[in-house]
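The values are calculated or read from the model by the stated rules, or taken from the named source; none is laboratory data. If you're wondering where the values come from, they're calculated on a predicted model, not measured in any experiment. Counting neighbours? That spans all protein chains shown, and the Cβs are built from the backbone with ideal geometry, glycine included.
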Amino acid sequence: MAHNNDDSAIPVHIPAFAKPLAPYIKSRQEALRIRQVLTSYLRSQITFADDNPDHPNLHAQSHLSLCVPQDAVVDVKRIPPELTGLRKEYLQALQANVNARKEYRLVSERHTSGKPQGQSTCGVDTQPVDPNSELQAYLELLRDRRCHAKLQVFQRYLGELKKRDIIKAEDFDTVGNRSQKFSLPPGLEEDQNGCTSENGIENLVHNLERAVIRARNQLEREKRLLEELKAQRGTEDGSDNKGIDSGAKVTALQQTRDVLVQWVEEKLASVGNNEDGPVQELSPEEIEKSAQLLEDQKAQIAEQYAAYVDARKRLLDAASRACQPIGTSSVQPASRSTEKQKITPEEAPSLEPMDVLSFADEQLLPLSKYQRALALQKFYLTGTLTKEKSTTLRILNRLRDESHLLPEYPMLARQPRFKHAAAAISARHATTPVEPAKPDEVVALAQAWAFASEAAGTSERENVEHRLAEGIETAQDAEQALQEVYDILNQDLEEALQHKVDQDEAESSKSRTRPRAKGPWTRLDGQIGVTE
């Protein structure tokens with residue numbers, strides 16, 4: 001439905017091949033409006049000269065002032081940074097033109113200021129700008145461009161005429177005959193017979209120029225051909241003079257080749273003799289060992305080949321059984337099993353292509369899909385594990401940088417001073433040599449944290465035990481000092497302590513048996529919020 005609406009929106013006069021460009025094709029009125037908008041925008045960036053009081057905005061209203069500025073443009077405003085493309089390049093070029101004209105005016109004023117007064121007043125006054133002169137200059141520019149295009153086309157075709165119809169060496173003998181039979185073009189002859197024809201003098205001059213160009217081109221080709229023939233004859237004479245030298249060179253080259261081949265054969269023979277020498281010097285025991293080793297390798301190869309043939313036969317049997325169509329073999333009695341075994345391969349039923357395709361569709365495709373699903377799952381799990389591992393590693397590294405526990409309790413086995421000792425101890429306790437596996441960074445950091453936490457706990461426990469021992473020793477010293485004081489006072493320490501304990505127990509029992517006050521005013525005795 002939308003496609004029909006788009007087709008209806010396209011103008012009728014647009015051909016079918018230009019319909020994709022329909023959104024960019026504008027009518028004359030719309031193109032004129034766009035051109036006026038662009039012109040007004042460019043005018044807003046330019047300062048024009050308003051010298052004529054009768055027409056104050058004469059330059060600003062003419063679009064030719066943008067094409068041929070001359071003295072109509074006084075200055076260019078600051079170019080906006082968002083302006084790009086041809087408009088920015090035009091404003092930059094126009095600004096450069098204005099600056100150049102200003103410099104030229106200053107230089108001319110300096111030059112004329114040094115002349116006498118009578119000479120300086122001759123050419124200083126500037127004439128007012130005439131719009132007709134701008135139009136004439138613009139039309140002259142268009143004519144020059146068209147003439148330049150014509151000259152380019154003429155130059156291109158002139159180059160093609162120079163490259164065409166190159167004369168061969170066989171045609172050089174007929175140049176004289178052709179020069180005698182040369183005649184003017186038919187158009188030129190007709191113009192000579194009747195110069196007052198309707199074509200006029202312009203066609204006559206044009207045909208004459210073509211004839212002159214053709215004759216010049218033919219003369220250049222004949223000169224080039226003559227030079228080629230002279231060079232060819234010179235090379236033939238040189239080859240005749242040097243025939244003996246070339247034969248001697250061929251003989252010398254053949255002799256050199258023979259000597260080189262003989263030297264290479266001698267070197268190869270000497271190398272072969274050197275290689276055969278040690279084989280002849282082998283002892284009989286070594287020869288027997290090499291023969292026995294060769295026989296063992298042959299037997300091993302034969303066993304591997306027999307296993308390969310057996311595996312291939314079993315694979316082919318399994319494939320043939322899987323590809324056979326499912327029939328009434330399960331219903332048939334067991335008595336025919338012996339007859340089936342006697343059936344020759346020629347009597348076996350041939351497989352149909354559809355049966356093979358059905359087997360592939362029912363058996364192989366689900367397996368391939370399952371295998372692909374497993375591969376995708378493995379890939380997903382691998383990616384997830386890698387991502388989680390990187391996240392864990394980043395967190396552990398950040399905690400390692402922020403923690404004071406790891407630097408205080410490092411693992412001794414990872415210190416540079418104890419690496420060799422740890423390696424020697426592990427090698428001594430290991431029964432079989434094991435290749436050192438590459439340590440995982442996450443495992444290494446976890447081991448470092450575990451070791452540091454265990455070492456910190458052990459250190460804290462030792463510190464607490466040490467403090468307890470100091471406290472017990474201090475209490476014992478205090479008790480001994482108190483006993484000495486009581487001895488000096490001639491009192492018994494144990495009785496005083498027992499009396500203190502009894503007094504504390506009595507006070508605690510009194511506080512427990514004291515009745516609690518009840519009522520709404522019980523909390524107004526200055527003990528609000530105090531728990532008993």
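Among the listed residues Asp6, Asp54, which satisfies the condition of being modelled with pLDDT under 80, over 26 Å from Asn97 (Cα atoms) and assigned to a helix (DSSP H, G or I)?
Testing whether each residue is modelled with pLDDT under 80, over 26 Å from Asn97 (Cα atoms) and assigned to a helix (DSSP H, G or I) leaves just Asp6.
Test Ile34 against the criterion of being over 28 Å from Leu135 (Cβ atoms), modelled with pLDDT of 60 or more and under 45 Å from the mean Cα position of the chain (by Cα), and give yes or no.
Criteria not met by Ile34.
State whether the residues of the range 355-375 include one that is surrounded by fewer than 10 Cβ atoms within 10 Å (Cβ to Cβ) and at pLDDT below 75.
no
In the set Glu275, Glu266, which member is at pLDDT below 80 and of a type in the set (Asp, Glu)?
That would be Glu275, the only listed residue that is at pLDDT below 80 and of a type in the set (Asp, Glu).
Are any of the residues in the range 101-121 at pLDDT below 80 and either of a type in the set (Ser, Thr, Tyr) or touching an Asp or Glu at 6+ places or on another chain (Cβ under 9 Å) (or both)?
Looking for residues that are at pLDDT below 80 and either of a type in the set (Ser, Thr, Tyr) or touching an Asp or Glu at 6+ places or on another chain (Cβ under 9 Å) (or both), one finds at least one in the range 101-121, hence yes.
Among the residues of the range 131-150, write down those that are surrounded by 10 or more Cβ atoms within 10 Å (Cβ to Cβ), closer than 23 Å to Ala49 by Cα and not hydrophobic (A, V, I, L, M, F, W, C).
Pro131, Ser133, Glu134, Gln136, Tyr138
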